[in-house]
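Just so it is clear, none of the values below were taken in a lab; they were calculated from the coordinates. Note that the structure is predicted; figures quoted are calculated from it, not measured. Cβ: placed from backbone, ideal geometry, glycine included. Neighbour counts: every protein chain shown.
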Amino acid sequence: MKQEFVEAVAKKKLAKVRMSLTNELLLDPRGTTFSEMLSYAMNEMPELFDENKEAAYTVPSQEEWDEDFLFTVKNDLDSNFSREKLAFYETVVKTVGKSKGEEIDKEERKSREQRQYTNPHNQERKINKTYATVSAGGATLALVGLVAGKTLLTVVGGAVLVVGGVLLLNDKMEKK
């Protein structure tokens with residue numbers, strides 16, 4: 001929840017809280033953050049809702065709901081912030097804004113996937129794999145040098161093994 005909303009609730013700024021709730025649904029028609037905000041406001045502000053009054057518009061069939069109808073409902077809600085009108089407004093927003101909600105879901109999935117690829121933990125694993133590969137290569141060179149009786153190859157392999165081991169040890173110490 002945004003700190004600005006929490007402060008508005010704490011200061012009992014009724015108009016600001018109501019406006020924040022209705023706007024939150026427009027921003028994210030899926031309603032997740034709206035539900036959290038509404039629950040918080042209801043717990044902290046018993047005076048949040050007005051008594052329901054009859055709406056001054058007719059409700060077309062759901063297939064005909066569009067942005068114009070959505071804003072008609074919102075304007076009515078702004079003048080009479082009742083539980084019933086808020087619930088109906090939420091239904092209209094979720095219907096009219098369904099494609100926007102799906103687009104937000106798609107963007108969030110894409111963002112999560114990108115974070116997985118750029119996650120620092122994944123980079124650390126790559127560094128560890130690199131150091132481990134250097135160490136394994138050094139060990140392999142040293143072993144081949146021993147078997148083939150090549151002193152230079154054994155010495156170079158041993159040196160690479162030691163360097164790789166030191167790199168792994170340093171990396172491990174930095175993570176602590």
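Quick notes on this one:
- What you get for the chain, charging only the Cβ of Lys and Arg (+1) and of Asp and Glu (-1), is a dipole of about 1600 debye around the Cα centre.
- Pairs spanning more than 20 Å between alpha-carbon atoms, out of 74/110; 53/74; 129/150; 16/74; 53/100; 16/100: 74/110; 129/150; 53/100; 16/100.
- Every helix of 4 or more DSSP H residues in the chain counts as -39500 (n - 2.57), and over all residues that averages to -26000 deg cm²/dmol at 222 nm.
- Per residue, the average separation of C-alpha pairs within less than 8 Å and at least 6 apart gives the chain a relative contact order of 16 percent.
- Available extension along the chain between residue 13 and residue 27 is 3.0 nm, counting 0.36 nm per residue and deducting the alpha carbon span.
- Residues 154, 58 in ascending order of nearby Cβ atoms (within 10 Å, fewest first): 58, 154.
- Summary of the geometry: segment 7-78 and segment 144-176, compared by the centres of their Cα atoms, lie 66 Å apart.
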